[in-house]
Amino acid sequence: MARLMLISMLFLWAGSILMVQGGDPTLFFEWNVTYGTIAPLGVPVKGILINGQFLEPNINSTTNNNIVINCWLHADQLQHNVFNNLDEPFLVTWNGIQHRKNSWQDGNYTYKFQVKDQIGSYIYYPVTAMHKAVGGFGGLCVNSRLLIPVPYTDPADDYTLLVGDFFNKGHTSLKKILDSGRNLGRCDGVYLNGKVTKGDGKDEPLFTMEAGKTYKYRICNMGIKTSLNVRFQGHTMKLIEMEGSHTMQNDYDSLDVYVGQCFSVLVTANQEPRDYYMVASTCFTKREVTATGIIRYKNGKGAASSELPPPPVGWAWSLNQFRTFRWNLTSNAARPNPQGSYKYGSINITRTIRLANTAQRVDGKLRYALNGVSYVEPTTPLKLAEYYGVADKVFKYDTIPDEPPSDNTKVTLAPIVLNMTHRNFVEIIFENHETAIQSYHLSGYSFFAVGMDIGKWSPEKRMNYNLLDAVSRHTIQVFPNSWSAILLTFDNCGMWNLRSEIWDRHYLGQQLYASVISPNRSLKDEYNLPEGVLTCGIVQGMPRPPPFSS
(Lines give C-alpha, C1' and ligand atoms only; values in the text may rest on other atoms or scores of the structure.)
Protein backbone atom coordinates (compact mmCIF):
# COMPACT_ATOMS: atom_id res chain seq x y z
CA MET A 1 0.00 0.00 0.00
CA ALA A 2 1.47 3.35 -1.03
CA ARG A 3 -0.03 5.87 1.34
CA LEU A 4 -0.54 9.30 -0.18
CA MET A 5 -1.13 11.24 3.06
CA LEU A 6 -2.99 14.10 1.38
CA ILE A 7 -4.96 16.46 3.58
CA SER A 8 -8.44 15.56 2.43
CA MET A 9 -8.01 11.95 1.39
CA LEU A 10 -10.41 9.20 2.06
CA PHE A 11 -12.13 6.48 0.20
CA LEU A 12 -14.86 4.30 1.53
CA TRP A 13 -17.75 2.25 0.39
CA ALA A 14 -20.93 0.51 1.52
CA GLY A 15 -24.46 0.09 0.11
CA SER A 16 -23.77 -0.92 -3.45
CA ILE A 17 -25.25 -0.97 -6.93
CA LEU A 18 -24.18 -3.69 -9.32
CA MET A 19 -23.56 -2.71 -12.93
CA VAL A 20 -22.15 -4.72 -15.80
CA GLN A 21 -20.06 -2.74 -18.28
CA GLY A 22 -18.94 -5.22 -20.88
CA GLY A 23 -16.74 -7.92 -19.36
CA ASP A 24 -16.40 -8.23 -15.62
CA PRO A 25 -19.12 -6.68 -13.40
CA THR A 26 -18.43 -3.37 -11.68
CA LEU A 27 -19.53 -2.48 -8.15
CA PHE A 28 -20.20 1.10 -7.04
CA PHE A 29 -20.54 2.09 -3.39
CA GLU A 30 -21.46 5.08 -1.26
CA TRP A 31 -20.51 5.74 2.34
CA ASN A 32 -21.16 8.53 4.80
CA VAL A 33 -18.40 8.65 7.42
CA THR A 34 -19.23 10.23 10.77
CA TYR A 35 -18.44 10.14 14.44
CA GLY A 36 -20.98 8.50 16.69
CA THR A 37 -21.32 6.80 20.05
CA ILE A 38 -20.43 3.12 20.26
CA ALA A 39 -20.29 0.84 23.29
CA PRO A 40 -18.89 -2.62 22.45
CA LEU A 41 -18.12 -3.26 26.13
CA GLY A 42 -21.04 -1.27 27.55
CA VAL A 43 -19.03 1.95 28.01
CA PRO A 44 -19.92 4.82 25.63
CA VAL A 45 -17.01 5.74 23.36
CA LYS A 46 -16.65 8.14 20.43
CA GLY A 47 -16.46 5.84 17.42
CA ILE A 48 -16.24 6.04 13.64
CA LEU A 49 -19.42 5.07 11.80
CA ILE A 50 -20.07 4.40 8.14
CA ASN A 51 -23.67 4.98 7.14
CA GLY A 52 -24.47 5.21 10.83
CA GLN A 53 -23.07 1.77 11.66
CA PHE A 54 -20.14 0.71 13.83
CA LEU A 55 -19.67 -2.67 12.19
CA GLU A 56 -19.99 -1.61 8.60
CA PRO A 57 -21.71 -3.82 6.00
CA ASN A 58 -19.57 -6.46 4.38
CA ILE A 59 -18.22 -5.84 0.92
CA ASN A 60 -19.54 -8.87 -0.92
CA SER A 61 -17.85 -9.37 -4.29
CA THR A 62 -16.85 -12.10 -6.72
CA THR A 63 -13.52 -12.91 -8.31
CA ASN A 64 -12.59 -10.38 -11.03
CA ASN A 65 -15.25 -7.87 -9.99
CA ASN A 66 -14.22 -4.26 -10.52
CA ILE A 67 -14.60 -1.80 -7.65
CA VAL A 68 -15.07 1.86 -8.60
CA ILE A 69 -14.75 4.50 -5.89
CA ASN A 70 -15.24 8.16 -6.65
CA CYS A 71 -13.38 9.91 -3.85
CA TRP A 72 -14.08 13.50 -4.74
CA LEU A 73 -15.55 15.25 -1.76
CA HIS A 74 -18.52 16.80 -3.58
CA ALA A 75 -22.12 15.81 -3.02
CA ASP A 76 -22.94 16.01 -6.73
CA GLN A 77 -20.44 13.35 -7.78
CA LEU A 78 -21.81 10.17 -9.27
CA GLN A 79 -20.85 6.54 -8.65
CA HIS A 80 -19.27 6.77 -5.18
CA ASN A 81 -19.59 9.96 -3.18
CA VAL A 82 -17.66 10.15 0.05
CA PHE A 83 -18.86 12.54 2.71
CA ASN A 84 -16.19 13.06 5.35
CA ASN A 85 -17.66 14.40 8.56
CA LEU A 86 -14.53 13.70 10.59
CA ASP A 87 -12.14 16.40 11.76
CA GLU A 88 -8.95 14.81 10.40
CA PRO A 89 -7.66 12.81 7.42
CA PHE A 90 -8.97 9.28 7.12
CA LEU A 91 -7.54 6.53 4.91
CA VAL A 92 -8.54 2.90 4.49
CA THR A 93 -6.51 -0.14 3.47
CA TRP A 94 -7.97 -3.24 1.80
CA ASN A 95 -6.04 -5.88 3.70
CA GLY A 96 -5.00 -8.72 1.41
CA ILE A 97 -6.36 -7.34 -1.87
CA GLN A 98 -3.33 -7.38 -4.15
CA HIS A 99 -4.10 -4.40 -6.42
CA ARG A 100 -2.06 -5.81 -9.26
CA LYS A 101 0.05 -3.08 -10.94
CA ASN A 102 -1.84 -0.49 -8.91
CA SER A 103 -0.33 0.79 -5.67
CA TRP A 104 -2.20 4.09 -6.11
CA GLN A 105 -4.97 2.95 -3.77
CA ASP A 106 -4.96 5.78 -1.23
CA GLY A 107 -6.05 9.14 -2.51
CA ASN A 108 -8.60 11.70 -3.46
CA TYR A 109 -9.65 10.69 -6.95
CA THR A 110 -11.83 8.24 -8.82
CA TYR A 111 -10.27 5.00 -7.70
CA LYS A 112 -10.62 1.74 -9.58
CA PHE A 113 -9.32 -1.68 -8.69
CA GLN A 114 -10.13 -5.27 -9.46
CA VAL A 115 -10.19 -8.25 -7.13
CA LYS A 116 -8.23 -10.04 -9.81
CA ASP A 117 -7.81 -13.80 -9.55
CA GLN A 118 -8.51 -13.81 -5.83
CA ILE A 119 -10.95 -15.65 -3.59
CA GLY A 120 -11.34 -15.64 0.14
CA SER A 121 -11.91 -13.64 3.30
CA TYR A 122 -10.38 -10.19 3.72
CA ILE A 123 -10.91 -7.05 5.79
CA TYR A 124 -10.68 -3.29 5.38
CA TYR A 125 -9.79 -0.77 8.07
CA PRO A 126 -8.33 2.72 8.63
CA VAL A 127 -4.56 3.16 8.53
CA THR A 128 -4.35 6.75 9.79
CA ALA A 129 -3.54 7.53 13.42
CA MET A 130 -5.39 5.21 15.85
CA HIS A 131 -8.73 5.22 13.98
CA LYS A 132 -8.73 1.43 13.72
CA ALA A 133 -9.35 1.25 17.46
CA VAL A 134 -12.89 2.65 17.13
CA GLY A 135 -14.34 1.60 13.79
CA GLY A 136 -14.26 2.32 10.08
CA PHE A 137 -13.68 -1.34 9.36
CA GLY A 138 -15.49 -4.39 8.04
CA GLY A 139 -15.28 -7.65 6.13
CA LEU A 140 -14.45 -7.96 2.44
CA CYS A 141 -15.57 -11.24 0.87
CA VAL A 142 -14.38 -12.36 -2.55
CA ASN A 143 -16.43 -15.32 -3.72
CA SER A 144 -15.44 -17.81 -6.37
CA ARG A 145 -17.14 -17.49 -9.75
CA LEU A 146 -19.88 -20.03 -10.44
CA LEU A 147 -17.86 -21.80 -13.12
CA ILE A 148 -14.96 -22.39 -10.73
CA PRO A 149 -15.89 -24.99 -8.10
CA VAL A 150 -14.69 -24.73 -4.52
CA PRO A 151 -13.52 -27.82 -2.59
CA TYR A 152 -16.58 -28.05 -0.35
CA THR A 153 -20.34 -28.20 -0.65
CA ASP A 154 -22.15 -24.86 -0.71
CA PRO A 155 -22.99 -23.93 2.91
CA ALA A 156 -26.49 -23.12 4.10
CA ASP A 157 -25.31 -19.57 4.83
CA ASP A 158 -22.15 -17.48 4.87
CA TYR A 159 -21.40 -15.53 8.07
CA THR A 160 -18.65 -13.04 8.92
CA LEU A 161 -17.38 -12.94 12.50
CA LEU A 162 -15.19 -9.96 13.36
CA VAL A 163 -13.45 -10.36 16.71
CA GLY A 164 -11.08 -7.92 18.34
CA ASP A 165 -9.73 -6.30 21.45
CA PHE A 166 -11.16 -2.95 22.56
CA PHE A 167 -9.94 0.02 24.59
CA ASN A 168 -12.57 2.20 26.24
CA LYS A 169 -10.29 5.26 26.18
CA GLY A 170 -11.10 6.09 22.54
CA HIS A 171 -8.78 6.71 19.63
CA THR A 172 -7.72 10.28 20.49
CA SER A 173 -6.72 9.28 24.02
CA LEU A 174 -4.84 6.25 22.73
CA LYS A 175 -2.96 8.47 20.31
CA LYS A 176 -2.06 10.91 23.11
CA ILE A 177 -0.77 8.02 25.22
CA LEU A 178 1.56 6.89 22.44
CA ASP A 179 2.61 10.44 21.56
CA SER A 180 3.57 11.02 25.18
CA GLY A 181 6.01 8.11 25.09
CA ARG A 182 3.94 5.55 26.99
CA ASN A 183 2.56 2.20 25.88
CA LEU A 184 -1.12 1.27 25.68
CA GLY A 185 -1.13 -1.50 28.23
CA ARG A 186 -3.72 -4.24 28.01
CA CYS A 187 -7.15 -4.03 26.45
CA ASP A 188 -10.35 -3.47 28.40
CA GLY A 189 -12.16 -6.33 26.73
CA VAL A 190 -12.95 -8.34 23.62
CA TYR A 191 -15.92 -8.11 21.26
CA LEU A 192 -17.59 -10.43 18.75
CA ASN A 193 -19.17 -8.44 15.91
CA GLY A 194 -19.08 -5.37 18.12
CA LYS A 195 -20.91 -6.98 21.03
CA VAL A 196 -20.52 -9.09 24.14
CA THR A 197 -23.23 -11.16 25.79
CA LYS A 198 -24.59 -10.07 29.15
CA GLY A 199 -25.76 -13.52 30.11
CA ASP A 200 -29.10 -12.29 31.42
CA GLY A 201 -31.18 -14.44 29.07
CA LYS A 202 -32.11 -11.45 26.90
CA ASP A 203 -29.12 -11.55 24.52
CA GLU A 204 -29.99 -11.74 20.86
CA PRO A 205 -28.07 -14.33 18.80
CA LEU A 206 -25.25 -13.26 16.56
CA PHE A 207 -26.09 -16.08 14.16
CA THR A 208 -28.73 -18.76 13.70
CA MET A 209 -28.33 -22.29 12.41
CA GLU A 210 -30.74 -25.03 11.42
CA ALA A 211 -30.13 -28.56 12.70
CA GLY A 212 -28.38 -30.79 10.18
CA LYS A 213 -27.04 -27.98 8.00
CA THR A 214 -23.48 -26.70 7.56
CA TYR A 215 -22.50 -23.02 7.74
CA LYS A 216 -19.47 -21.04 6.65
CA TYR A 217 -17.93 -18.63 9.15
CA ARG A 218 -15.31 -16.10 8.06
CA ILE A 219 -13.39 -15.30 11.26
CA CYS A 220 -11.15 -12.20 11.26
CA ASN A 221 -9.17 -10.52 14.02
CA MET A 222 -9.96 -6.79 13.68
CA GLY A 223 -8.21 -5.82 16.91
CA ILE A 224 -5.24 -3.52 17.33
CA LYS A 225 -2.79 -5.64 19.32
CA THR A 226 -4.19 -8.80 20.93
CA SER A 227 -4.11 -12.36 19.58
CA LEU A 228 -7.35 -14.25 20.11
CA ASN A 229 -8.39 -17.89 20.34
CA VAL A 230 -11.82 -18.65 18.87
CA ARG A 231 -13.94 -21.73 19.55
CA PHE A 232 -17.53 -22.91 19.24
CA GLN A 233 -19.18 -24.52 22.24
CA GLY A 234 -20.00 -28.15 21.43
CA HIS A 235 -18.94 -27.86 17.77
CA THR A 236 -15.77 -28.39 15.77
CA MET A 237 -14.51 -26.17 12.97
CA LYS A 238 -13.33 -27.47 9.61
CA LEU A 239 -10.72 -25.07 8.22
CA ILE A 240 -11.27 -24.50 4.49
CA GLU A 241 -9.60 -21.19 3.61
CA MET A 242 -7.01 -18.83 5.00
CA GLU A 243 -6.33 -15.31 3.69
CA GLY A 244 -7.19 -16.17 0.11
CA SER A 245 -5.98 -19.78 -0.11
CA HIS A 246 -7.96 -22.98 0.17
CA THR A 247 -6.41 -25.23 2.82
CA MET A 248 -6.37 -28.92 3.61
CA GLN A 249 -9.57 -29.47 5.56
CA ASN A 250 -8.53 -30.37 9.09
CA ASP A 251 -10.92 -30.20 12.05
CA TYR A 252 -10.12 -27.95 15.03
CA ASP A 253 -11.67 -27.45 18.45
CA SER A 254 -10.18 -23.94 18.53
CA LEU A 255 -8.15 -21.63 16.30
CA ASP A 256 -5.63 -18.94 17.16
CA VAL A 257 -6.38 -15.86 15.06
CA TYR A 258 -3.65 -13.22 15.11
CA VAL A 259 -4.18 -9.52 14.46
CA GLY A 260 -5.01 -8.91 10.79
CA GLN A 261 -5.62 -12.57 9.96
CA CYS A 262 -8.75 -14.22 8.53
CA PHE A 263 -9.82 -17.88 8.51
CA SER A 264 -12.87 -19.52 6.94
CA VAL A 265 -14.33 -22.56 8.64
CA LEU A 266 -17.32 -24.85 8.21
CA VAL A 267 -19.46 -25.56 11.27
CA THR A 268 -22.16 -28.24 11.12
CA ALA A 269 -25.24 -27.88 13.32
CA ASN A 270 -25.09 -31.46 14.61
CA GLN A 271 -25.89 -30.91 18.28
CA GLU A 272 -29.09 -30.75 20.32
CA PRO A 273 -31.15 -27.75 19.07
CA ARG A 274 -30.66 -24.95 21.60
CA ASP A 275 -28.32 -21.99 22.19
CA TYR A 276 -24.54 -22.33 22.15
CA TYR A 277 -21.73 -19.89 22.80
CA MET A 278 -19.02 -18.90 20.42
CA VAL A 279 -16.04 -17.85 22.51
CA ALA A 280 -13.09 -15.51 21.92
CA SER A 281 -10.37 -15.18 24.52
CA THR A 282 -7.03 -13.40 24.60
CA CYS A 283 -3.86 -15.41 23.99
CA PHE A 284 -0.48 -14.96 25.63
CA THR A 285 -1.66 -12.28 28.06
CA LYS A 286 -1.07 -12.23 31.81
CA ARG A 287 -4.79 -11.84 32.39
CA GLU A 288 -7.06 -13.80 30.09
CA VAL A 289 -10.06 -11.85 28.82
CA THR A 290 -13.00 -13.79 27.39
CA ALA A 291 -16.08 -12.72 25.44
CA THR A 292 -18.99 -14.77 24.15
CA GLY A 293 -21.68 -14.52 21.51
CA ILE A 294 -24.75 -16.69 21.00
CA ILE A 295 -25.44 -19.11 18.17
CA ARG A 296 -29.10 -20.11 18.17
CA TYR A 297 -30.61 -23.20 16.59
CA LYS A 298 -33.88 -22.49 14.82
CA ASN A 299 -36.77 -23.84 16.87
CA GLY A 300 -34.27 -24.82 19.55
CA LYS A 301 -35.10 -24.79 23.24
CA GLY A 302 -32.72 -24.07 26.09
CA ALA A 303 -30.09 -21.53 27.03
CA ALA A 304 -26.41 -22.02 26.35
CA SER A 305 -24.45 -23.88 28.99
CA SER A 306 -22.33 -21.69 31.26
CA GLU A 307 -19.51 -24.23 30.95
CA LEU A 308 -17.33 -22.71 28.24
CA PRO A 309 -14.79 -24.75 26.27
CA PRO A 310 -11.35 -23.99 27.74
CA PRO A 311 -8.62 -22.29 25.67
CA PRO A 312 -5.39 -24.08 24.80
CA VAL A 313 -2.35 -23.46 26.97
CA GLY A 314 1.22 -22.65 25.99
CA TRP A 315 3.25 -21.45 23.03
CA ALA A 316 4.03 -24.95 21.85
CA TRP A 317 0.35 -25.66 21.16
CA SER A 318 0.05 -22.53 19.02
CA LEU A 319 3.26 -23.19 17.12
CA ASN A 320 2.18 -26.75 16.40
CA GLN A 321 -1.18 -25.53 15.13
CA PHE A 322 0.60 -23.37 12.56
CA ARG A 323 2.47 -26.46 11.36
CA THR A 324 -0.81 -28.25 10.63
CA PHE A 325 -1.85 -25.63 8.05
CA ARG A 326 -1.36 -26.88 4.51
CA TRP A 327 -2.24 -25.47 1.11
CA ASN A 328 -4.88 -27.39 -0.86
CA LEU A 329 -2.99 -28.08 -4.09
CA THR A 330 -5.96 -29.74 -5.78
CA SER A 331 -8.45 -26.87 -5.51
CA ASN A 332 -9.36 -24.92 -8.62
CA ALA A 333 -8.96 -21.46 -7.13
CA ALA A 334 -6.35 -19.05 -8.47
CA ARG A 335 -2.89 -19.99 -7.22
CA PRO A 336 0.35 -17.99 -7.19
CA ASN A 337 2.66 -18.92 -10.04
CA PRO A 338 6.01 -17.29 -9.21
CA GLN A 339 8.39 -17.11 -12.16
CA GLY A 340 6.16 -19.46 -14.12
CA SER A 341 6.45 -22.32 -11.65
CA TYR A 342 3.88 -23.62 -9.19
CA LYS A 343 6.77 -25.38 -7.42
CA TYR A 344 7.97 -22.41 -5.40
CA GLY A 345 10.38 -24.61 -3.45
CA SER A 346 12.53 -25.13 -6.54
CA ILE A 347 13.10 -21.42 -7.26
CA ASN A 348 16.50 -19.99 -6.36
CA ILE A 349 16.50 -17.34 -3.64
CA THR A 350 18.12 -14.15 -4.94
CA ARG A 351 17.99 -12.06 -1.77
CA THR A 352 17.59 -12.79 1.93
CA ILE A 353 16.35 -10.06 4.27
CA ARG A 354 16.32 -10.56 8.04
CA LEU A 355 14.17 -8.09 9.95
CA ALA A 356 14.49 -7.85 13.73
CA ASN A 357 12.01 -5.80 15.72
CA THR A 358 13.09 -3.72 18.69
CA ALA A 359 11.51 -1.35 21.18
CA GLN A 360 13.68 1.56 22.31
CA ARG A 361 13.31 5.09 23.61
CA VAL A 362 14.40 7.98 21.41
CA ASP A 363 14.60 11.36 23.15
CA GLY A 364 12.67 9.84 26.04
CA LYS A 365 9.78 8.56 23.88
CA LEU A 366 8.94 5.00 22.94
CA ARG A 367 9.69 3.99 19.34
CA TYR A 368 9.48 0.65 17.56
CA ALA A 369 12.02 -0.23 14.88
CA LEU A 370 13.12 -2.75 12.27
CA ASN A 371 16.88 -3.35 12.03
CA GLY A 372 17.55 -0.24 14.06
CA VAL A 373 15.40 2.24 12.10
CA SER A 374 11.96 3.52 13.10
CA TYR A 375 9.79 4.67 10.20
CA VAL A 376 8.61 8.28 9.93
CA GLU A 377 6.37 9.75 7.23
CA PRO A 378 8.00 12.28 4.88
CA THR A 379 6.12 15.43 3.86
CA THR A 380 6.15 14.23 0.25
CA PRO A 381 4.50 10.82 -0.31
CA LEU A 382 7.06 8.17 -1.18
CA LYS A 383 5.35 6.95 -4.34
CA LEU A 384 4.87 10.48 -5.70
CA ALA A 385 8.52 11.32 -5.07
CA GLU A 386 9.61 8.21 -6.91
CA TYR A 387 7.16 8.69 -9.80
CA TYR A 388 8.24 12.31 -10.29
CA GLY A 389 11.91 11.36 -10.22
CA VAL A 390 12.83 13.23 -7.03
CA ALA A 391 13.15 10.29 -4.66
CA ASP A 392 16.68 11.35 -3.70
CA LYS A 393 15.27 14.56 -2.22
CA VAL A 394 12.78 12.71 0.00
CA PHE A 395 14.28 9.37 1.04
CA LYS A 396 17.17 6.98 0.54
CA TYR A 397 16.75 3.44 -0.68
CA ASP A 398 17.86 0.55 1.54
CA THR A 399 18.20 2.69 4.66
CA ILE A 400 18.31 -0.48 6.73
CA PRO A 401 20.72 -3.38 6.15
CA ASP A 402 19.51 -6.79 4.98
CA GLU A 403 20.33 -8.24 8.37
CA PRO A 404 20.06 -6.85 11.89
CA PRO A 405 23.02 -4.72 12.98
CA SER A 406 25.33 -6.15 15.61
CA ASP A 407 24.20 -3.40 17.97
CA ASN A 408 20.43 -3.42 17.57
CA THR A 409 19.85 -1.23 20.63
CA LYS A 410 20.34 2.06 18.77
CA VAL A 411 17.35 3.47 16.90
CA THR A 412 17.27 6.22 14.29
CA LEU A 413 14.22 7.80 12.65
CA ALA A 414 13.83 7.84 8.85
CA PRO A 415 11.60 6.75 5.97
CA ILE A 416 12.46 3.12 5.15
CA VAL A 417 12.27 2.01 1.52
CA LEU A 418 13.75 -1.27 0.28
CA ASN A 419 14.70 -1.27 -3.40
CA MET A 420 13.40 -4.61 -4.69
CA THR A 421 14.47 -5.89 -8.10
CA HIS A 422 11.48 -6.71 -10.29
CA ARG A 423 10.67 -10.44 -10.30
CA ASN A 424 13.40 -11.42 -7.82
CA PHE A 425 12.55 -14.35 -5.53
CA VAL A 426 13.15 -13.12 -2.00
CA GLU A 427 13.35 -14.72 1.43
CA ILE A 428 12.28 -12.57 4.40
CA ILE A 429 12.91 -13.74 7.95
CA PHE A 430 11.14 -11.94 10.78
CA GLU A 431 13.14 -12.24 14.00
CA ASN A 432 11.47 -11.46 17.30
CA HIS A 433 13.88 -11.11 20.22
CA GLU A 434 11.22 -9.59 22.47
CA THR A 435 8.68 -11.17 24.82
CA ALA A 436 5.56 -9.94 22.98
CA ILE A 437 4.05 -11.65 19.95
CA GLN A 438 4.31 -9.91 16.57
CA SER A 439 2.12 -9.97 13.45
CA TYR A 440 3.25 -8.67 10.04
CA HIS A 441 1.37 -7.91 6.82
CA LEU A 442 2.65 -7.20 3.31
CA SER A 443 0.38 -5.18 1.01
CA GLY A 444 0.14 -5.96 -2.69
CA TYR A 445 1.26 -9.57 -2.36
CA SER A 446 0.69 -13.00 -0.99
CA PHE A 447 3.68 -14.99 0.24
CA PHE A 448 4.50 -18.56 1.20
CA ALA A 449 4.72 -18.96 4.98
CA VAL A 450 7.40 -21.67 4.87
CA GLY A 451 8.82 -21.78 8.37
CA MET A 452 8.45 -20.80 12.01
CA ASP A 453 10.32 -21.88 15.11
CA ILE A 454 11.69 -20.81 18.47
CA GLY A 455 15.26 -19.55 18.94
CA LYS A 456 17.49 -17.81 16.41
CA TRP A 457 17.31 -18.25 12.66
CA SER A 458 20.32 -19.58 10.77
CA PRO A 459 20.74 -20.82 7.18
CA GLU A 460 20.55 -24.40 8.42
CA LYS A 461 16.92 -23.74 9.39
CA ARG A 462 16.01 -23.86 5.69
CA MET A 463 16.27 -27.64 5.93
CA ASN A 464 12.98 -27.57 7.84
CA TYR A 465 11.11 -25.21 5.49
CA ASN A 466 7.87 -26.43 3.95
CA LEU A 467 8.77 -26.16 0.26
CA LEU A 468 5.78 -28.11 -1.04
CA ASP A 469 2.44 -26.90 0.32
CA ALA A 470 2.96 -23.91 2.61
CA VAL A 471 -0.16 -21.74 2.64
CA SER A 472 -0.01 -18.66 0.41
CA ARG A 473 -1.15 -15.77 2.62
CA HIS A 474 -0.44 -12.12 3.44
CA THR A 475 -0.10 -11.98 7.26
CA ILE A 476 2.23 -13.96 9.52
CA GLN A 477 2.74 -14.08 13.28
CA VAL A 478 6.12 -14.27 15.03
CA PHE A 479 6.22 -15.76 18.50
CA PRO A 480 8.43 -14.30 21.26
CA ASN A 481 12.11 -15.21 20.96
CA SER A 482 11.30 -16.91 17.68
CA TRP A 483 11.44 -16.39 13.92
CA SER A 484 9.13 -16.79 10.93
CA ALA A 485 10.19 -17.11 7.28
CA ILE A 486 8.35 -16.26 4.06
CA LEU A 487 9.18 -16.58 0.35
CA LEU A 488 7.77 -14.51 -2.51
CA THR A 489 8.49 -13.08 -5.94
CA PHE A 490 8.38 -9.28 -6.09
CA ASP A 491 6.52 -9.17 -9.40
CA ASN A 492 3.87 -6.53 -8.55
CA CYS A 493 5.29 -3.10 -9.38
CA GLY A 494 4.54 -0.26 -7.01
CA MET A 495 5.33 1.01 -3.52
CA TRP A 496 4.06 -1.54 -1.00
CA ASN A 497 3.77 -1.37 2.78
CA LEU A 498 5.22 -4.06 5.03
CA ARG A 499 3.91 -3.29 8.49
CA SER A 500 3.33 -4.54 11.96
CA GLU A 501 -0.35 -5.29 12.51
CA ILE A 502 0.20 -4.57 16.21
CA TRP A 503 -1.13 -1.07 15.84
CA ASP A 504 0.79 0.80 18.53
CA ARG A 505 3.95 -0.62 16.95
CA HIS A 506 2.79 0.42 13.48
CA TYR A 507 1.96 3.92 14.71
CA LEU A 508 5.36 4.31 16.37
CA GLY A 509 7.48 3.20 13.43
CA GLN A 510 7.52 -0.56 12.93
CA GLN A 511 6.87 -0.56 9.20
CA LEU A 512 8.65 -0.02 5.90
CA TYR A 513 7.97 0.15 2.16
CA ALA A 514 9.15 -2.12 -0.64
CA SER A 515 9.64 -0.35 -3.96
CA VAL A 516 9.29 -2.45 -7.11
CA ILE A 517 9.94 -0.38 -10.24
CA SER A 518 8.95 -1.37 -13.76
CA PRO A 519 12.29 -1.73 -15.59
CA ASN A 520 10.66 -0.76 -18.90
CA ARG A 521 8.24 1.91 -17.63
CA SER A 522 5.54 -0.24 -19.17
CA LEU A 523 1.81 -0.46 -18.59
CA LYS A 524 2.30 -4.20 -18.66
CA ASP A 525 3.96 -3.81 -15.28
CA GLU A 526 2.31 -0.79 -13.63
CA TYR A 527 -0.51 1.68 -14.18
CA ASN A 528 0.14 5.39 -14.56
CA LEU A 529 -0.63 7.95 -11.90
CA PRO A 530 -4.43 8.32 -12.07
CA GLU A 531 -5.88 11.50 -13.48
CA GLY A 532 -7.03 14.06 -10.94
CA VAL A 533 -4.69 12.99 -8.15
CA LEU A 534 -3.79 15.85 -5.80
CA THR A 535 -0.08 16.36 -5.32
CA CYS A 536 1.73 17.79 -2.32
CA GLY A 537 5.17 18.34 -0.88
CA ILE A 538 8.01 19.08 -3.27
CA VAL A 539 6.17 17.64 -6.29
CA GLN A 540 3.28 20.06 -6.02
CA GLY A 541 3.19 22.19 -9.19
CA MET A 542 5.77 20.06 -11.00
CA PRO A 543 4.98 18.98 -14.60
CA ARG A 544 3.39 15.55 -14.74
CA PRO A 545 5.93 12.91 -15.84
CA PRO A 546 5.49 11.25 -19.24
CA PRO A 547 3.07 8.32 -18.97
CA PHE A 548 4.23 4.73 -19.16
CA SER A 549 4.00 3.22 -22.61
CA SER A 550 2.15 0.06 -23.55
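The values are calculated or read from the model by the stated rules, or taken from the named source; none is laboratory data. Just so it is clear, the model here is predicted, and its values are computed rather than measured. Quick reminder, even Gly has a Cβ in these numbers, built from the backbone with ideal geometry, and neighbours come from all protein chains shown. All accessible areas refer to the heavy atoms of the entire protein, side chains included, with ligands and DNA or RNA removed. Shrake-Rupley method; radii C 1.70, N 1.55, O 1.52, S 1.80 Å.
Results, tabulated for the structure shown:
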{"quantity": "Positions within the stretch 149-201 being among the aliphatic types (A, V, I, L, M) and out of contact with any His (no Cβ under 9 Å at 6 or more places or on another chain), in sequence order", "calculated": "A156, L161, L162, V163, L174, I177, L178, L184, V190, L192, V196"}
{"quantity": "Scan of the stretch 370-396 for residues that are more than 23 Å from the chain's Cα centre (by Cα), of a type outside the set (A, V, I, L, M) and in a loop (DSSP other than H, G, I, E, B), ordered by number", "calculated": "G372, P378, T379, T380, Y388, G389, F395, K396"}
{"quantity": "Failed item in (1) open to solvent by 20 Å² or more (accessible area, probe 1.4 Å); (2) modelled with pLDDT of 95 or more, with H474 passing the rest", "calculated": "(1)"}
{"quantity": "Pairs with Cβ under 7 Å, 6+ apart, first in the stretch 271-283 and assigned by the TED database to the domain that holds D165 and within 24 Å of K225 (Cα to Cα), second open to solvent by 40 Å² or more (accessible area, probe 1.4 Å) and among the charged types (D, E, K, R)", "calculated": "S281/E288; T282/E288"}
{"quantity": "Tally, over the stretch 130-149, of residues that are surrounded by fewer than 19 Cβ atoms within 10 Å (Cβ to Cβ) and of a type in the set (A, V, I, L, M)", "calculated": "3"}
{"quantity": "Any hit, the stretch 269-282, residues being farther than 21 Å from L206 by Cβ and part of a strand (DSSP E or B)", "calculated": "no"}
{"quantity": "Test: residue in the stretch 391-404 that is over 23 Å from C493 (Cα atoms) and surrounded by 13 or more Cβ atoms within 10 Å (Cβ to Cβ)", "calculated": "yes"}
{"quantity": "Qualifying strands (runs of 3 or more DSSP E) (wholly inside the stretch 402-461; at least 1 residues being hydroxyl-bearing (S, T, Y))", "calculated": "412-414, 438-442"}
{"quantity": "Members of the stretch 247-259 found to be more than 14 Å from V279 (Cβ to Cβ) and open to solvent by 10 Å² or more (accessible area, probe 1.4 Å), listed by number", "calculated": "M248, Q249, N250, D251"}
{"quantity": "Count - residues of the stretch 188-236 that are open to solvent by less than 10 Å² (accessible area, probe 1.4 Å), aliphatic (A, V, I, L, M) and within 20 Å of D165 (Cα to Cα)", "calculated": "7"}
{"quantity": "Only listed residue being closer than 30 Å to H506 by Cα and not acidic (D, E), chosen from Q233, Q261", "calculated": "Q261"}
{"quantity": "Qualifying residue in the stretch 69-81 (condition: open to solvent by 20 Å² or more (accessible area, probe 1.4 Å) and modelled with pLDDT of 75 or more)", "calculated": "no"}
{"quantity": "Residue that is farthest from Q321 (Cα to Cα), among those in the stretch 412-436 that are of a type in the set (V, I, T) and modelled with pLDDT of 95 or more", "calculated": "T412"}
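Matching residues to (1) in contact with a Pro (Cβ under 7 Å, 6 or more places away or on another chain); (2) loosely packed, with under 15 Cβ neighbours inside 10 Å; (3) under 14 Å from V257 (Cβ atoms); (4) not small (G, A, S):
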site: Y276; (1), (2), (3), (4): no, no, no, yes
site: C283; (1), (2), (3), (4): no, no, yes, yes
site: K286; (1), (2), (3), (4): no, yes, no, yes
site: R296; (1), (2), (3), (4): yes, no, no, yes
site: N299; (1), (2), (3), (4): yes, yes, no, yes
site: S305; (1), (2), (3), (4): no, yes, no, no
site: G314; (1), (2), (3), (4): no, yes, no, no
site: R323; (1), (2), (3), (4): no, yes, no, yes
